[in-house]
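Below is one structure; the comments refer to it alone.
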Amino acid sequence: MKTQLKEHIFLIGFMGVGKTATSHALSKLSGAKEFDTDQMIVKQEHKSIPDIFAEEGEEYFRQRETEILTRLRDLEPGIISCGGGMVMREVNVDKMKEQGKIVLLTATPETIYEHVKDSTNRPLLNGNMNIPYITKMMEARESKYRAAADIVIETDGCTPKQVAQKLLEKYAQIG
Ligand code: S3P
């Protein structure tokens, strides 16, 4: 099934929930183009995410995220895989809402931990790579994720393709 997107689909959710894998599967199913805000920032800054955090600070990175959302207006409608902290700024949520639908992917802290435990590319988890910390951070962000979302998809036990299929079904329902 090819779906001609009329607007962007923003994938949000905690680090390691599977936004990138879902984006790939969704692109295969729908034919839509993919964009990844972390990758766009890395390309623009010529630096890895840990280096940006270490050398410029988190606030600098957050500012770049907001700028990227503005730039997306000029691109054809696509699947936008967002960094896990994108919804923490109200202005970012407003920009996403103006440009499309926001899809929240969720998973348990245990699943998240399994996905991120060997990663060294997530500065906010460096030195905090454990389930209690992930649980605390997820709880602190939960209300912002939920408030931003047009669609919520639970991903535990699902393949990326199954998540993408659920997403397309729910997306078709809300038009
Ligand atoms: C972050 C999530 C990361 C990346 C940065 C900060 C966050 O993206 O943007 O390390 O604050 O949750 P992923 O969700 O793709 O890991």
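Bear in mind that the values in this text are calculations on the coordinates, not laboratory data. Just so we're clear, the structure is a prediction, and the values are computed from it rather than from any experiment. FYI the Cβ positions are ideal-geometry reconstructions off the backbone, even for glycines, and counts take in every protein chain you see.
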Might you let me know whether segment 89-111 holds any residue that is within 13 Å of M15 (Cβ to Cβ) and aliphatic (A, V, I, L, M)?
yes
In segment 142-161, the residues that are crowded, with 17+ Cβ neighbours inside 10 Å, within 16 Å of the ligand (Cβ to nearest atom) and not small (G, A, S):
K144, Y145, I153, T155, P160
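Results for (1) charged (D, E, K, R); (2) under 23 Å from A21 (Cα atoms); (3) within 12 Å of the ligand (Cβ to nearest atom), shown as yes or no for each residue.
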site: E58; (1), (2), (3): yes, no, yes
site: Q63; (1), (2), (3): no, no, no
site: E67; (1), (2), (3): yes, no, no
site: T70; (1), (2), (3): no, no, no
site: G78; (1), (2), (3): no, yes, no
site: V91; (1), (2), (3): no, no, no
site: K97; (1), (2), (3): yes, yes, no
site: T120; (1), (2), (3): no, yes, yes
site: I131; (1), (2), (3): no, yes, no
Does R64 fit the bill of being of a type in the set (K, R), buried (at least 16 other Cβ atoms within 10 Å of the Cβ), in a helix (DSSP H, G or I) and touching a helix residue (DSSP H, G or I) at 6+ places or on another chain (Cβ under 7 Å)?
yes
Lone unmet requirement of (1) without any contact (Cβ under 8 Å) to a residue 40 or more places away in the chain; (2) assigned to a helix (DSSP H, G or I) for N128
(2)
If you go through I52, I102, I80, I68, the only one that is out of contact with any Phe, Trp or Tyr (no Cβ under 8 Å at 6 or more places or on another chain) and of a type in the set (A, V, I, L, M) is I68
Given L72, L5, L11, which one is surrounded by 13 or more Cβ atoms within 10 Å (Cβ to Cβ) and assigned to a helix (DSSP H, G or I)?
L72
